[in-house]
Every structure is written in structure tokens, then in C-alpha cells.
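Colleague: Sharing a structure here in C-alpha cells format.
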Amino acid sequence: MRRLRLAILISGRGSNMESLLHAARDPAYPAEPVLVLSNRPDAKGLLTAEAAGIPVAAIDHKTYGKDREAFEYHVDATLRGAGVEIIALAGFMRVLTPWFVSRWEGRMINIHPSLLPKHKGLDTHQRALDAGDTEAGCSVHWVSAGVDEGEIISQASVPILPGDTADTLAARVLPEEHKLYPKALALACAQIAEKL
Ligand code: GRF
């Protein structure tokens, strides 16, 4: 199978990005990272990507004020300029407009730190604790117009233990995210390849 040209969109630490870059070092992996893009120029993950020899771009959303589409127009043009075929959102903290989502529908996936459809949006771990859930986890899904609402590709769960805080739970979920995302991205690539 031909490797799909992958862009990873981040806003911060980039540990999920790192797990994708690591998986893609295998020449048999179905995606080839061609760009890491951040909406925050100070994202630590940009340094990690650069050190791994991956082209990086920073497009600061603050420059565009409230004009989300102007920001996204620039992101879209940068992705197309790099010949990107699939996007993995990895801790990308901007809500995307329907315009951008429709441009990339079926070509864009996201990782979310909850067992969707539970706990869409922010503060997922605290909300899982507050709800009295007995398990938590993470989901990789196709991105659709509704936030964290697209079709689920794959999930992993962990137990919630007595005495857990949002931090201890996050620390239990994160390694699962790092295992799940490369597998789910490979599944997404296979689904795209079927349609090519
Ligand atoms: C992860 O928990 C991811 O699920 C969420 O934001 C966090 C990003 O962490 N969307 P990192 O930047 O990948 O380390």
C-alpha cells in the first residue's frame, strides 16, 4: 500500500504526535509524516518534530483575531501546499469551522481523552470522576462538523480507581492514547486506501 502523506496538527506538548512519528519510522507504516503544524508558535511539540527531521509550520491563530476562516484558509493552503492526504489532530486546541471540516471530511481524525460519546469537550477526566464512572479511556474518531462527534475508529479503556484525581487518571489514560493512536491512524489509512 502507498503511504499516505500525513500532517499532524498540535497545540502543545505533542506526546501523541511523537507516538505517531515513532510508528511512522517503520517504512511499512501506512502514513508518512510530511508536516507538523501548530497554531501556537511556542508549542513544545514543534521542537520535538524538528529534532526528528519533520518539516514544521506555525500559524498563530491570534494573528487572525476572531476571523476563524482566515486562519483556517492559511492552514488549509499550507496543508495542500505540502500535498497532505490525511490529517491527525493531536491535542490541537482550536475548534474547526464547518468550512474546514468539509474540506477534509473523511481525511481527518482526532484523539479525544474519553470514552466517546461520553464527555465531549474539555476537562474529560474530572467529568468522568464527577459522573461516578468506573472506567475512563480514549477514543480516535473521524472529524465531523460537531465537536468530538464523528464516527469512532477505535477506543481503549482503563479502570477508575479509588482515590483517583484528574491528574492520576490522565496519567493512566495517556499511555493508552500513545498505543491507540498509531493503530487507529493505520485503520483510517486502510479505509481511505479502499476508496482510492
Ligand atoms: C491528549 O490527552 C489528547 O487526547 C487531547 O489533548 C492531549 C494532548 O496531549 N486531545 P499531547 O499534546 O499529545 O501530549
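Colleague: Need a quick list: helices (runs of 4 or more DSSP H) entirely within segment 94-196 having at least 2 residues that are within 21 Å of residue 15 (Cβ to Cβ) and either more than 16 Å from the ligand (Cβ to nearest atom) or open to solvent by less than 60 Å² (accessible area, probe 1.4 Å) (or both).
Modeller: Fully inside segment 94-196 and qualifying: 124-130, 166-195.
Colleague: Residue 161 - would you say it is within 23 Å of residue 182 (Cα to Cα) and out of contact with any Lys or Arg (no Cβ under 6 Å at 6 or more places or on another chain)?
Modeller: Here the answer is no, as residue 161 does not meet what is asked.
Colleague: Taking the stated definitions as given, is residue 2 within 19 Å of residue 184 (Cα to Cα), in contact (Cβ under 8 Å) with a residue 40 or more places away in the chain and open to solvent by 70 Å² or more (accessible area, probe 1.4 Å)?
Modeller: yes
Residue-wise test of (1) within 22 Å of residue 103 (Cα to Cα); (2) open to solvent by 20 Å² or more (accessible area, probe 1.4 Å); (3) more than 16 Å from the ligand (Cβ to nearest atom).
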site: 25; (1), (2), (3): no, yes, yes
site: 59; (1), (2), (3): yes, no, yes
site: 62; (1), (2), (3): no, yes, yes
site: 68; (1), (2), (3): yes, yes, yes
site: 71; (1), (2), (3): yes, no, yes
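Colleague: Pairs only if they're at least six apart or on different chains, beta carbon under 7 angstrom, first in segment 90-103 and among the β-branched types (Val, Ile, Thr), second outside any loop (DSSP other than H, G, I, E, B) and open to solvent by less than 60 Å² (accessible area, probe 1.4 Å); list them, first residue then second.
Modeller: Partner pairs satisfying both residue conditions: 97/72.
Conditions (1) part of a loop (DSSP other than H, G, I, E, B); (2) over 22 Å from residue 154 (Cβ atoms); (3) not charged (D, E, K, R), marked per residue:
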site	(1), (2), (3)
25	yes, no, no
28	yes, no, yes
35	no, yes, yes
76	no, yes, no
83	yes, yes, yes
91	yes, no, yes
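Per-residue answers, yes or no, for (1) more than 24 Å from residue 123 (Cβ to Cβ); (2) in contact (Cβ under 8 Å) with a residue 40 or more places away in the chain; (3) β-branched (Val, Ile, Thr); (4) touching a helix residue (DSSP H, G or I) at 6+ places or on another chain (Cβ under 6 Å):
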| position | (1), (2), (3), (4) |
| --- | --- |
| 10 | no, yes, yes, yes |
| 30 | yes, yes, no, yes |
| 43 | no, no, no, no |
| 83 | yes, yes, no, no |
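The values are calculated or read from the model by the stated rules, or taken from the named source; none is laboratory data. Since the model is a prediction, treat every value here as computed from it, not as a measurement. Every residue, glycine as well, gets a Cβ built from its backbone with ideal geometry; the counts of neighbours run over all protein chains shown. Just the protein is used for accessible areas: all its heavy atoms, side chains included, with ligands, DNA and RNA removed. Shrake-Rupley method; radii C 1.70, N 1.55, O 1.52, S 1.80 Å.
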